[in-house]
Amino acid sequence: MLRKACCVFLALAWVASANSGEAIRVVMAQNVWTEIVKKLIPDFERESGIKVNLDTYHEEQLSQKLSVEFTAGTEMDVFVTRPLNEGRMFARNGWYEDLAPYATGDAEYDFMDFTQAARDCTNINGVQICIPTSNECQVLYYRKDIFEAKGLKPPRTMDELKEVAAKVTDRAAGFYGVLMRGQRSPLVTQFSSFLYSFGGDWFDRKTMKATFDTPEALKAIDFYGMLLREYGPDGSPNMNWPQMQAIYQQGKGAMYIDASAHYPMLTDPSKTDLADRTAVSLFPAGPAGSKPYMVTAMAIAMYSGSKHKDAAWKFIRYMTDKPRTNYAQGEFGYQCARQSAFENPDGIRNFPKDLAAAIAEEGKTAVGYDRPTITGVQEARDILGEAVVTAMQGGDYARAARIANERFQGILDREVR
């Protein structure tokens with residue numbers, strides 16, 4: 001069906017392709033999207049006349065593998081990249097080809113169809129370093145059977161979130177109102193949505209001054225820590241998403257706040273019987289509104305040293321255009337970054353309606369980063385997360401935030417040298 005829908009345009013566009021017989025090398029991660037791309041490569045090769053030589057590596061190995069090859073000099077044309085992890089380092093080293101001239105002048109490709117958050121996430125200093133392939137945002141999962149039994153509605157504000165958590169928590173019975181990441185570094189991702197919704201941010205991008213101790217940031221730190229301290233499991237500071245997700249799957253939690261991409265794992269019938277009792281809602285609004293993160297975890301880029309740039313772009317364009325996006329999302333449930341995919345019946349045919357609606361709505365107000373957008377991001381996560389853990393433990397979070405802000409400023413000062 002996909003081939004019938006797309007073949008006419010592509011056949012006309014490439015019938016006399018100057019790239020016929022040309023070969024490109026593509027390096028990708030071993031994940032769901034790569035498996036989808038593998039299914040599409042034969043059609044691409046036949047329609048374009050371009051041969052694709054595909055190499056795949058484990059996600060945790062890919063960044064280092066790319067760095068080694070680029071440093072040594074390599075024959076590569078297209079590669080998968082994680083813009084929030086290695087984007088700034090790769091951009092600083094000049095390894096990305098600017099894709100704006102290719103993408104923005106193509107009306108049929110419709111680059112503006114990618115969400116604003118996704119476009120922001122993949123653009124560094126005005127350079128379009130890559131094209132988004134995945135998209136995920138923070139949503140609120142909840143037990144609709146429990147909510148119905150207690151006459152509750154999904155919380156739309158932070159105040160309502162606290163009220164609902166208080167009403168459903170039964171610590172004596174080992175049942176918790178809210179489950180979220182509590183471990184120092186991993187929690188930064190989920191905390192970011194609270195930070196933005198309370199009106200805060202990590203730092204001022206114009207002055208490069210850390211802002212983690214502002215009144216807005218302190219309120220967010222206090223609120224996040226309070227939720228897990230009062231309504232979350234004991235030992236939350238030692239729990240990442242796998243532990244929190246397992247507690248939810250065991251039927252011991254009313255709400256689970258984490259990435260939209262977690263839905264298939266969270267409702268996996270081999271691990272839980274809660275799939276039919278799990279619903280999805282928007283991230284609650286704070287004083288600054290509902291501002292969840294929406295990030296591009298994976299994207300596809302062109303190597304600046306490619307000797308086959310026209311052919312490389314044709315591959316990137318093909319795999320990220322609207323028909324292929326609808327195919328990846330509609331057939332395989334892979335959450336993509338085009339807004340239209342959540343409005344097209346083909347793009348959401350295997351998606352729960354409430355999840356698709358939440359993602360589409362959050363795309364209008366989301367923030368395109370879920371951590372400080374700097375090269376030293378891991379060091380920063382450890383420092384900033386510590387202040388939130390202090391709040392979780394009932395400690396002097398304001399003092400911890402001031403110390404974290406000073407240390408974080410040191411990282412920012414290194415960034416601008």
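Derivation of every value follows stated rules applied to the coordinates shown; laboratory data play no part. Source: prediction; values computed, not measured. Don't worry about glycine lacking a Cβ; one is built from the backbone with ideal geometry, like all the others, and counts go over all protein chains shown.
Listed values, structure above:
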| item | result |
| --- | --- |
| The stretch 200-260: C-alpha gyration tensor shape, a/c 1.5 cut-off, then a/b vs b/c | prolate |
| Violating pairs (Cα-Cα greater than 21 angstrom) within the set Lys252/Lys364; Lys291/Lys364; Lys153/Lys219; Lys38/Lys307; Lys39/Lys309; Lys162/Lys252 | Lys252/Lys364; Lys153/Lys219; Lys38/Lys307; Lys39/Lys309 |
| Entry for volume of the Cα convex hull per residue in Å³ (calculated from the structure that is shown) out of (i) 183; (ii) 136; (iii) 165 | (ii) |
| Protection proxy ranking, peptides 317-330, 386-399, average beta carbon neighbours within 10 Å, highest first | 317-330, 386-399 |
| Estimated [θ] at 222 nm from DSSP helical runs (n ≥ 4, -39500 (n - 2.57)) normalised by residues in the chain, nearest 500 | -14000 deg cm²/dmol |
| Ascending count of other beta-carbon atoms within 10 Å, so fewest first, for Ser306, Ser193 | Ser306, Ser193 |
| Estimated FRET transfer efficiency when R0 is 25 angstrom, pair Asp43-Lys65 (beta carbons, to 0.05) | 0.35 |
| Simple spin-label estimate for Ala275 and Glu415 in nanometres, 7 Å along Cα-Cβ | 4.2 |
| Along each principal axis, Cα extent of the stretch 208-302, largest first, Å | 48, 47, 26 |
| Shape of the stretch 89-218, Cα gyration tensor, a/c cut at 1.5 | prolate |
| FRET E, pair Ala23, Val127, Förster distance 35 Å, beta-carbon r, rounded to 0.05 | 0.85 |
| Cα gyration tensor shape for the stretch 284-417, rounded if a/c is under 1.5, else prolate or oblate | oblate |
| Taking the stretch 129-235 and dividing mean pair separation by its residue count, relative contact order in percent (alpha carbons under 8 Å, at least six apart) | 23 |
| Choice from Gly21, Gly286, Gly368 showing the highest fluctuation, given a GNM over the chain with Cα pairs closer than 10 Å | Gly21 |
| Sequence ranges 174-187, 371-384, 259-272, ranked by mean other-Cβ count within 10 angstrom, highest first | 174-187, 371-384, 259-272 |
| Asp382 paired with Glu343, simple spin-label distance in nm, labels 7 Å along Cα-to-beta-carbon | 4.5 |
